[in-house]
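We did not get these values from a lab; they are worked out from the coordinates using the rules stated. The model shown is predicted, which means the values in this text are computed figures rather than measured ones. We place every Cβ from the backbone using ideal geometry, glycine too, and count neighbours over all the protein chains shown.
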Amino acid sequence: MLGFNSKSKPEAKPASKKTIPYTSVRGQFSLQTDIELESRLAGNAYKREFHKMAQTDAVCGAVLLAINKIFQSIEWKTVNDSEGILAASMENAGWTAALEDILTHLVFGHSVMEVTLTKQPDGRVLWNRLHFRPQTTIVDWKYNTNGDLLHIEQSSTGLGNVEIPANKCLVFHTTRTQTTPNGKSLFRNAYRDWYYKTNIEKIESIGIERDLTGLPVLTCPEDEMLQDADGKLTPIGDWAWKTVRNIKQNAQEGLVLPARWTFELAGSPGKRQFDLNAVINRYSNNIALSMLSQFLVLGVTNSSGSFALAKEQSSLFHIAVEGFANAICNVVNTQFIGGKALKAFNGLAEQPKLKAVGIERIELGDLASFLGRLLKYNIITPDDKLEEYLRDRVALPPRDKDTSRIADIKLSVEAATISTNADSPEGEEDAT
């Protein structure tokens, strides 16, 4: 049942036994969901790893920021929505704010938004809210014997696991392979390079610290016993081991040594055989390459490229973002609680659909040159819609109807009409 709720969040109901036979992902679909080759990403461990990538890596963070900013510039238009049901629903539910939660499917491979409905005083049924269900709380997906998603099982504090009906949710995926409901993270192909890069950076930071401070060396007298007969450290040996391990150079540095003990900081033996900076840059390039965002690292790492190369790479990135936007529209247009529910509950003749526009990136110089050729040979005729489109593309103010060429045309038509009336016989009789 789809209930109407105008104020409070839907009450969570504990999972109960169903009369309809179903199976969980861990059952029927276990063969498809357990194919992860990387042991560090097996089970739910991938959620923590991909979250770390999004929060700590500069390239991954830049890609997510770029996609989010592009999505903020998208214009979401409704089609077959003459009564404004879908447009009003999106405004009522806060679609723009909900996009940030929806786009978390780029990190985790999927995102779930539970939709509640509300009935307006004028009788229209609209979306009330889009409730985000965090990926870290989703523990299972439950299907019927035909493979249709029935419930999404979510862990809840104090209530145990809760089953959310799938027909109340919009479930977004980046891509789905082999019927796996978790989808595929945008970071999956970059994980190996990120893992090696992160570990090498840790080694580099430790090496820099050792090179700057030196390697602590504590020398004891020859007659001092640091180990007993059983091979265990003596008290003085334990002190020596802790001293060389924990000593740091800071504002409180200092060391008191027993008699005949010596302490020194051994310097670096020389230049390292490997250029760690080149290795780290190579992994950064691979991470950007896996997400079609190589243009982000041009000139930053050792790689360089021409303006034309950066332009082609950024165009390909925009095409990929356009694909993600179209996939989001497809979810709203095909899943039940989207346009289908609004059509059914409002008795509409046609289903309203969502469309994303304004993603494509067209250089103004290329656009002007293209239109100039078309107009020169009268292949296309300028009209009001074309003018509005061009004004939007170049961020010009809207057309003023009182001073635009439409006003000039009206004046010309009026003048021609007066002239025609004056030349007509009726006009002459009236004048007489």
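Around Asn128, which amide H atoms from residues at least 5 apart in sequence, or from another chain, sit under 5 Å from its own amide H, with H modelled in the peptide plane?
It is Thr116, Leu117, Thr118, by chain and number.
Of the listed peptides 197-208, 282-293, 127-138, what is their order by residue-averaged count of other C-beta atoms within 10 Å, with the highest listed first?
On the way: 197-208: 12.8, 282-293: 20.6, 127-138: 18.8.
Highest mean packing first, the order is 282-293, 127-138, 197-208.
If amide hydrogens are placed 1.01 Å from N in the peptide plane, which non-local residues have theirs closer than 5 Å to the one on Thr234?
Amide H neighbours of Thr234: Gln227, Asp228.
Provide the packing ranking of 339-349, 153-163, i.e. peptides ordered by the mean count of other C-beta atoms within 10 Å per residue, highest first.
The most tightly packed comes first, giving 339-349, 153-163.
Hey, with R₀ at 41 Å, roughly what FRET efficiency would Asp211 and Glu312 work out to, going by the Cβ-Cβ distance, to 0.05?
0.50
May I ask you to order 98-111, 58-71, 35-48 by the average number of other C-beta atoms within 10 Å around their residues, highest value first? Walk me through the numbers before you get to the answer.
Details: 98-111: 20.5, 58-71: 17.6, 35-48: 13.0.
The packing order, highest mean first, is 98-111, 58-71, 35-48.
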